[in-house]
């Protein structure tokens, strides 16, 4: 289990939610005992140019390297390799990865579908087309998520950081702009409604 914290741990963490996200029932026992963190502060700030890590951008991404980059950018991460999480601005963000399938996901819980006006589904689809870059809104098992998916082997450090920022922005902008903060083509006819 990976647990690295630069701030105090607090609040019990709901492992069942992560199990559904990962789709791996084996994680239930490990994840149900994890603890949460809150109020981590600034995310992904500062420049990495000229650093030793900057040289690593040439190497193919691996699960270990991806988790190291993720962990270096936030105050704390926890969970087993392949299913780690952090909390930023009160948003839980999960990094789920499976090297065998060469896939990774950054996910943030946004809302329970049962509590969302059914008309919002159309808004989410339009936002995915006009107001997001690489992250998207998604629905699974009754939960609305913001999600970023990518093959691990071709993922760059910059794409990982950008994906994180977009997932966080979509979670925070749900109910307002529905934007990843990176792009907005404008929704045709939105002004006329």
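Read-outs throughout are calculated quantities, based only on the coordinates presented, and are distinct from any laboratory measurement. What you see is a predicted model; the values in this text were computed from it and never measured. Please note: Cβ atoms are built from the backbone with ideal geometry, for glycine as well, and neighbour counts cover all protein chains shown.
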Legend entry - Distance (nanometres) between label positions extended 7 Å along Cα→Cβ at residue 129 and residue 72: 4.0
Inset, instruction - Could you tell me what % of all Cα pairs in region 67-121 have separations over 12 Å? - result: 70
Legend entry - Spread of Cα-to-Cα distances over 5 Å intervals beginning at zero, given as percent, for region 73-193: 2, 11, 21, 23, 19, 13, 7, 3, 1, 0
Inset, instruction - Can you pull the one-decimal nm distance between simple spin-label points at residue 59 and residue 141, each 7 Å off the Cα toward Cβ? - result: 3.3
Inset, instruction - Specify the inter-centroid distance of region 136-182 and region 60-78, based on alpha-carbon positions, in whole Å. - result: 17
Legend entry - Debye intensity ratio I(q)/I(0), log10, region 106-155, q values 0.20, 0.22, 0.24 Å⁻¹ (C-alpha model): -0.70, -0.81, -0.92
